[in-house]
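**Q** Mind having a look at this structure? Questions to follow.
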Amino acid sequence: MDQAAVAALTLLALVALTGYWVAHGGLGGRLVEIERAADQNVQFQLDVNQADWPELAELPGLGETLAKRIVDSRRERGPFADHDDLRRVRGIGRKTLDRIKPYLRPLSGSDVAKK
């Protein structure tokens, strides 16, 4: 009797799996071929005067330490007047600044004056 119950449950599970497989494409289902997938570009820009350190840490070459230094500098010395003003942060030189500039929103004088 126990064997019959186990056999019935196994059969029921196989039928359910087959039904699931058929409902999700079965033999006609397609795999995503990564090599043929279209390239996608994601563009994002941050306002260096408003972004928190986790957002800034996502910029190429910054990391957590420099992102926290940017936020600390902004808190202590006020908002950045322009992108070159980021060089006041220890660890940000010309190369780092050039690397992150494409990801920074333009800063206008009116934005800084509001802060």
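Bear in mind these aren't lab numbers, they're just calculated from the coordinates by the rules spelled out. These numbers were taken from a predicted model, which means no experiment stands behind them. In this analysis, Cβ positions are derived from the backbone assuming ideal geometry, glycine residues included, and neighbour counts consider all displayed protein chains.
**Q** Where does helix 2-23 land angle-wise versus the long Cα axis of the chain, in degrees 0 to 90, nearest 10?
**A** Between helix and principal axis, roughly 50 degrees.
**Q** In the neighborhood of L46, defined by Cβ-to-Cβ distances under 9 Å, what is the net charge if each Lys or Arg adds +1 and each Asp or Glu adds -1? Show your work: numbers first, answer last.
**A** Working: positive: R105; negative: D47, E55, E58.
Result for the neighbourhood of L46: -2.
**Q** Now for a different question. As I understand it, the value is the acute angle between the Cα axis of helix 63-77 and the longest principal axis of the Cα atoms of the chain; what does it come to in degrees, rounded to 10?
**A** Orientation of helix 63-77: about 40 degrees from the principal axis.
**Q** Here's another thing I want to ask about it. Would you compute the Debye intensity of region 53-114 from its alpha-carbon atoms alone, equal scatterers and no solvent, and pass along log10 I(q)/I(0) at q = 0.14, 0.18 Å⁻¹ to two decimals?
**A** -0.35, -0.60
**Q** Add -39500 (n - 2.57) for each DSSP H run of 4 or more in the chain, then divide by its residues: what number comes out at 222 nm, to the nearest 500 deg cm²/dmol?
**A** Numbers: 5 runs with 54 residues, N = 115.
Value at 222 nm, helices only, nearest 500: -14000 deg cm²/dmol.
**Q** Springs between alpha-carbon pairs under 10 angstrom, Gaussian network model over the chain: which of A67, A57, A13 fluctuates most?
**A** Most flexible of the set in this elastic network: A13.
**Q** Computed from the mean reciprocal separation of all distinct C-alpha pairs, what Kirkwood hydrodynamic radius does the chain have, in Å? It would help to have the intermediate numbers written out before the result.
**A** Working: mean 1/r = 0.0533 Å⁻¹.
It is 18.8 Å.
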